[in-house]
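Derivation of every value follows stated rules applied to the coordinates shown; laboratory data play no part. On a predicted model such as this, the values are computed, not experimentally measured, just so you know.
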Amino acid sequence: MDDTIAKRGGPIARAAQLKAAGLRTTRPRLALADLLFAKGDRHVTADQLYSEAQAAGLSISQATIYNTLNQFQEAGLLREVQVDPSRSYFDTNTSEHHHFYVEAEGRLMDIEKHAISINRLPESPEGFCVAGVDIVIRLTK
Ligand SMILES: [Zn+2]
């Protein structure tokens, strides 16, 4: 199934999406997947998702939210973007891309992968290779 269609589809596509990622379809996972993926590409913190779940009348604990976000991330459904040591966003767009970060608003905006060119990287330490480069450009007014 096309990845993008599965992400934006209804409950059946949602269940298929979890299954394809190797996750058991539990009710909290389905409900959270719906909150996360029904609105297209977005960046949410665990706290924001918790508020959205409460607003939607779901009784899901904060611990379940954290666990589910981490499981989704490990399964490749989400990408974590850490903007500082105390603040992590979960990105529903798992393609390779970079971000603008508006610090005052706590808002992330996507930058297309090809909009940034990196001319030189330091040589990786012995025994390591570069797995990826994530750039966060911090914005202020
Ligand atoms: Zn993003």
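Here is how the numbers come out for the structure above:
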| item | result |
| --- | --- |
| For the range 49-58, 3J(HN,Hα) per residue [Karplus equation, 6.51 cos²θ - 1.76 cosθ + 1.60, θ = phi - 60°, Hz, x = Gly/Pro] | 5, 4, 4, 5, 5, 5, 4, 7, x, 8 |
| The range 89-139: antiparallel DSSP beta bridges as a percent of all, rounded to 5 | 60 |
| Two-decimal Rg to Rh for the chain - Kirkwood Rh, Cα set | 1.00 |
| Over the range 89-139 - Rg/Rh using Cα atoms and the Kirkwood inverse-distance radius | 1.03 |
| Within the chain, percent of DSSP bridges classed antiparallel, to nearest 5 | 75 |
| Karplus (6.51, -1.76, 1.60) ³J(HN,Hα), θ = phi - 60°, over the range 36-46, in Hz, Gly and Pro reported as x | 6, 9, 6, 9, x, 5, 7, 10, 10, 8, 4 |
| nm² value of the averaged projected area, convex hull over the Cα atoms of the range 52-122 | 6.8 |
| Pairwise centroid distance, computed over Cα atoms, of the range 72-140 with the range 19-67, Å | 22 |
| Long-range HN-HN contacts of ARG42 with modeled amide H, under 5 Å | THR92, ASN93 |
| Shape of the range 3-80, Cα gyration tensor, a/c cut at 1.5 | rounded |
| Using θ = phi - 60° and Karplus 6.51 cos²θ - 1.76 cosθ + 1.60, couplings along the range 18-30 (whole Hz; Gly, Pro as x) | 5, 4, 4, 8, x, 9, 5, 8, 9, 4, x, 4, 5 |
| Amide H partners (placed H, <5 Å) of ILE135, local residues excluded | HIS99 |
| Amide H partners (placed H, <5 Å) of ARG107, local residues excluded | VAL102 |
